[in-house]
1. Could you tell me whether Pro131 is part of a strand (DSSP E or B) and either β-branched (Val, Ile, Thr) or within 22 Å of Tyr71 (Cβ to Cβ) (or both)?
2. Checking Asn77 against (1) over 28 Å from His169 (Cβ atoms); (2) modelled with pLDDT of 75 or more, which single condition isn't satisfied?
3. Right, Leu90: within 12 Å of Pro256 (Cβ to Cβ) and of a type in the set (A, V, I, L, M, F, W, C) or not?
4. Could you please let me know if Ser217 is of a type in the set (S, T, N, Q) and more than 28 Å from Ser39 (Cβ to Cβ)?
5. Output the qualifying pairs, or none if there are none: Cβ atoms under 6 angstrom, residues six or more apart or on different chains, first residue in the stretch 30-44 and within 20 Å of Lys105 (Cβ to Cβ), second residue polar (S, T, N, Q) and surrounded by 12 or more Cβ atoms within 10 Å (Cβ to Cβ).
6. Are there any pairs with C-beta distances below 7 angstrom linking a residue in the stretch 217-235 that is over 15 Å from Lys113 (Cα atoms) and surrounded by fewer than 18 Cβ atoms within 10 Å (Cβ to Cβ) to a residue that is among the aromatic types (Phe, Trp, Tyr) and modelled with pLDDT under 95, with the two at least 6 apart or on different chains, and if so which?
7. Filter the stretch 181-216 for residues that are of a type in the set (Val, Ile, Thr) and either crowded, with 17+ Cβ neighbours inside 10 Å or under 27 Å from Leu109 (Cβ atoms) (or both) and give the result.
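The values are calculated or read from the model by the stated rules, or taken from the named source; none is laboratory data. If you're wondering where the values come from, they're calculated on a predicted model, not measured in any experiment. Cβ atoms come from the backbone with ideal geometry, glycine included; neighbour counts cover every protein chain shown.
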Amino acid sequence: MNNRNIVLASFVCVITFCLGCEADNFQKLDERKWTLTWSDEFSGSELDLTKWKYDIGQGQNGWGNGEYQTYTKRPENIKLDTGNLVITALNVPFGGANFSSARIKTQGLFAQKYGRFEARIKTPYGPGIWPAFWMLGENISEVGWPRCGEIDILEIRGQMPNTVFGTLHGPGYSGGNPVNIMYSLIDARFDDDFYVYAVEWDDNKIDFFINDYLYGSIKKEQLPGDWVFNQPFYMILNVAVGGSFVGFPTAQTPFPQQMLVDYVRVYQESN
């Protein structure tokens, strides 16, 4: 989610699949393999501030991506509703920006090294809309980005609502040259329904899943730089408006746009 246009350089893994072509693709999590370590089911009336922090404001240089929104904690931009976290992007000026939205993180509250990280999400759409579920290394304040590492579990360019990007950033493969994979639906869109987006991460690779269907893997030896995914990472949920990855909203971008999150769950591999 930090400061880049996706550029498909020679080292980038690009995999496109048809999700849902066969019902057998949809599998259930093997709960015998995993132990739940953290979760938020968003079942209350307010965001649980023992689990999440708000990121507020415009951020320097549009949060490093040239984004156009101000992030707020106003209920117009973020709230809990009927068992979902709802992040709403608006095209009403606020805080010096033409758009507003919300971004939350578990930094300082929860981080984990290795395991399975998943969320059930219904994404927004439209040119210039950029929803994301992602992670940053807990040591970011000491070593900075991209040395801290970044794992993007879910990113969607709103103008491509049928395609999900799973991406890694680190030293030597960041900005416009990340290592990424893509997953595309045929005759369907991710904004039409909820999907479960997940990674399973260990000391040698990171596997990417949609509805528990493995669509790609990025291995340690594939990276053109250091493997920095050997420390705890914290999670982030947000909807950006505009920026280097998606461009500016257009007349074809409907507002408001909402990302609905049913739950976020984290597991460790069972002994």
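1. yes
2. (1)
3. yes
4. So Ser217 does not fit the description; no.
5. Listed by first residue and then by second, the contacts come to Thr37/Gln268; Phe42/Asn84.
6. Pro224/Phe11
7. The answer is Ile181, Val196, Val199, Ile206, Ile210.
Residue-by-condition table, conditions (1) surrounded by fewer than 20 Cβ atoms within 10 Å (Cβ to Cβ); (2) among the charged types (D, E, K, R); (3) in contact (Cβ under 8 Å) with a residue 24 or more places away in the chain; (4) within 25 Å of Gln258 (Cα to Cα):
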| site | (1), (2), (3), (4) |
| --- | --- |
| Phe94 | yes, no, yes, yes |
| Asn98 | yes, no, yes, yes |
| Ser101 | no, no, yes, yes |
| Leu109 | yes, no, yes, no |
| Glu118 | no, yes, yes, yes |
| Pro131 | no, no, yes, yes |
| Ser141 | yes, no, no, no |
| Cys148 | no, no, yes, no |
